[in-house]
Amino acid sequence: MSDPAKPIRRLVLALLLAAFAAGSSAAEQLRYVLTPDFERGFLRVRIDWKTEGRTRSGLRVAESWGRIKDVPALLKHVAFVGGKVRRDGALWVISHRRGATITCTYEVDPGRTDFSDWQYTHHPITTPKFFHGMGNAFLLVPAPGGGQPDQYETVLRWQLPAGAKAVCSWGGAGRAVGALIKPTDLRHSIYLAGRIKTHRAQRGKKSVTVAMVDRFEFTPEQLEQMATRIIDAQTAFMGDADFPDFVVTAIPVGKKLKPGDSRLAGTGLYHSFALFVAPGAVLNAAVEHLFSHELFHYWNGRMLAAKQPERLVFWFVEGLTDYYALRILHESGIWNARTYAHWINRHLREYAANPAIHATNEQIEKDYWNARDTVGEIPYQRGLLLGLRWHRLARDNGVPDGLDHLFKRLVARGRASALRVTNAGVRRAGVDLLGPWFAADFDRYVVAAQTIDVPADALRPALAGEYVELAAFKLGFDRTRSARDKKLIGLVPGSAAQRAGLREGDALLGWNLSKDPDQKVRIKVRRGSVEKTIEYYPRGENRAIMQFKPAERPR
Ligand SMILES: [Zn+2]
């Protein structure tokens, strides 16, 4: 497409005209102007809100988001015209005359101007070249309730230097975009602008738009093709013909890695996926895995949302998402059996080595972020393994489409009647749809958090499983606290880390960690005035772990 901005501008105009024609019954209008200051490293925001019929209106931002503990603290010089303002934490309440237009301006300044540190990917940062932010981390939107509408005629205009481009989740690429949209979706969106490359492709009547900073070993076209294949595979699996226009962004974080190493993170947002990846990265199975996982949250997490507090059912929302993400990559032919086995095996091995293997849902709720690498990984691992186990058991118990029978039914209920996922609800529906055996399994693994046994024939006929003696993964120090304090904390006596020469308190200058016991970790430290790089295999003791490989076909 030569100029993707044009039809979008027409849409903005059409929306505004529609609002005008409909008079007072129209949705309220929200106009955002975002102006990144690339030289000084912050973003200026202006909001004009034409209210209807009320004398009191509220704007809010998330209190915290991902690793950001205090989102309101990132918003500087918040000022209002058009009413009297009272602030209550993350909420600004404006008293105004009936039908007033309120103007709010502020600056977004997280105190950083680059994405050099993986701890800060959630932050809304303006670098000299681009601005990248998720709405939850910087965007004030109308608060729910208080007689305020559920959705707004929203227009977003970017003020950018010549040659710069912009994209957002709900408007695609363009310097001026518009939509009728809910405030929660505005917040749950990605915003990227500056010196970026964009590419848009049709997918039937819908589109996939890619926007990225050009620092990778792949092109926007290649990223779009990867995304489109996986979207096609998942929509076919879910039988979903209504999948929306979709946006994928990618920005470089941290230092360029050695060939063969990879480091990435990603967040699924409203009709979009934000990818963070090391400069020079290639599109490999790790990117496909991550994208597939985040995309599947469209059904498991949004269409079928969790009841709060959602971490109590993260084993379902995160773990079953991982199960389906991997399985669909394999069943659609994007992955061969060997790649599928590799990832399943890796997760089985990490689960066996996880010291938090018996963490209950209540412990996950409490410590998900505090112990992200142990307790925080359990819901992913537990749900994936239960997916493998239950799909087999359900079919063995006379349900031909196995676990899908339960999962797809729950998604359909989420879509039709706004059903929310709870543990009690999943247990009840499982007994109903899969059989009485489900109750005991659920109580043993989901409630009592016992070690999950994955049957060797779980993935027949494509893959066969057997117990293999393997070294467990053991990093040998506390990764979360070490990353936070930039020094080595919690070194385990006798571990491979200690034998390789690491010492408690070593200043961390950089590291390349994997969770694979067969891949060396590399850590650069400073002790006194001496800097050195230490390498070792992150291995603990041997144990029997279920592993899969492509099945040999009977002759
Ligand atoms: Zn997830």
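The values are calculated or read from the model by the stated rules, or taken from the named source; none is laboratory data. Computed from a predicted structure; not experimentally measured. So basically every Cβ, Gly included, is an ideal-geometry build from the backbone, and we count neighbours across all protein chains shown. Just so you know, the surface numbers come from the protein's heavy atoms only, side chains and all, with ligands and any DNA or RNA stripped out. Shrake-Rupley method; radii C 1.70, N 1.55, O 1.52, S 1.80 Å.
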Beyond a 29 Å Cα-Cα separation, which of these cross-linked pairs lie in this structure: Lys129/Lys487; Lys165/Lys520; Lys50/Lys366; Lys258/Lys486; Lys366/Lys486; Lys129/Lys520? Lys129/Lys487; Lys165/Lys520; Lys50/Lys366; Lys129/Lys520
Along the dipole axis of the chain (charges at Cβ: +1 for Lys and Arg, -1 for Asp and Glu; origin at the Cα centre), the most positive-end residue among Leu283, Tyr32, Ser482 is Tyr32
Whole-Å distance, taken between Cα centres, linking segment 129-189 and segment 240-299: 21 Å
Given an 8 Å cut-off on Cα distances and at least 6 residues of separation, report the relative contact order of segment 309-398 as a percent. 46 percent
Note down, for the chain, the three equivalent ellipsoid semi-axes (square root of 5 times each alpha carbon gyration tensor eigenvalue), biggest first, whole angstrom. 40, 30, 23
For segment 204-315, compute Rg over Rh where Rg is the Cα radius of gyration and Rh is the Kirkwood radius from the inverse mean 1/r over Cα pairs. 0.99
Taking only Cα atoms of segment 106-184, what ratio of Rg to Rh do you get with Rh as the Kirkwood inverse-distance radius? 1.00
Residues with amide H under 5 Å of Tyr536's amide H, sequence separation 5 or more or different chain, H placed in the peptide plane at 1.01 Å from N; which? Val521
In Å², rounded to a whole number, the accessible area per residue of segment 214-301 with probe 1.4 Å is 36 Å²
Can you tell me the accessible area per residue over segment 302-445, all protein chains present, probe 1.4 angstrom, in square angstrom? 39 Å²
Applying the Karplus parametrisation 6.51 cos²θ - 1.76 cosθ + 1.60 with θ = phi - 60° to the phi angles of segment 522-528, what ³J(HN,Hα) value in whole Hz is obtained for each residue in order, glycine and proline being reported as x? 10, 10, 9, 10, 10, 10, x
Per residue of segment 486-494, what does 6.51 cos²θ - 1.76 cosθ + 1.60 with θ = phi - 60° give for ³J(HN,Hα)? Whole Hz please, x for Gly and Pro, Karplus curve as stated. 6, 8, 6, 10, x, 4, 8, x, x
Amide H partners (placed H, <5 Å) of Ala305, local residues excluded: Val421
With θ set to phi - 60°, apply the Karplus curve 6.51 cos²θ - 1.76 cosθ + 1.60 along segment 243-256 and write out the HN-Hα couplings as whole Hz, x wherever there is a Gly or Pro. 4, x, 3, 9, 10, 10, 10, 9, 10, x, 10, x, 8, 5
Please compute P(r) over all alpha-carbon pairs of segment 351-506, binned at 5 Å starting from zero, and give each bin as a whole-number percent. 2, 8, 13, 16, 16, 14, 11, 8, 6, 5, 2, 0
Can you tell me the convex hull volume per residue for segment 260-317, based on C-alpha atoms, in Å³ to the nearest whole number? 95 Å³
Between Lys487 and residues 5 or more places away or on another chain, which pairs have amide H atoms under 5 Å apart, with H built 1.01 Å from N, and which residues are they? Leu508
Can you compute the helix-only [θ] at 222 nm over the chain? Use -39500 (n - 2.57) per DSSP H run of at least 4 residues, normalise by all residues, nearest 500 deg cm²/dmol. -8500 deg cm²/dmol
Assign unit charges at the C-beta atoms only (+1 for Lys and Arg, -1 for Asp and Glu), then state the dipole size of segment 87-214 relative to its Cα centre in Debye, rounded to the nearest 20. 560 debye
Quarter of Cα convex hull surface for segment 76-225, i.e. mean projection, nm²: 11.1 nm²
Excluding ligands, DNA and RNA, the carbon-plus-sulfur percentage of the accessible area of the chain with a 1.4 Å probe reads 49 percent
About the Cα centre, and with charges only on the beta carbon of Lys, Arg (+1) and Asp, Glu (-1), how big is the dipole of the chain? Nearest 20 debye, please. 1200 debye
Considering only segment 245-349, percent of DSSP beta bridges that pair antiparallel, nearest 5: 45 percent
Relative intensity, log₁₀ I(q)/I(0), of segment 260-392 from a Debye sum that treats every alpha carbon as a point, q = 0.17, 0.19, 0.22 Å⁻¹: -0.98, -1.23, -1.54
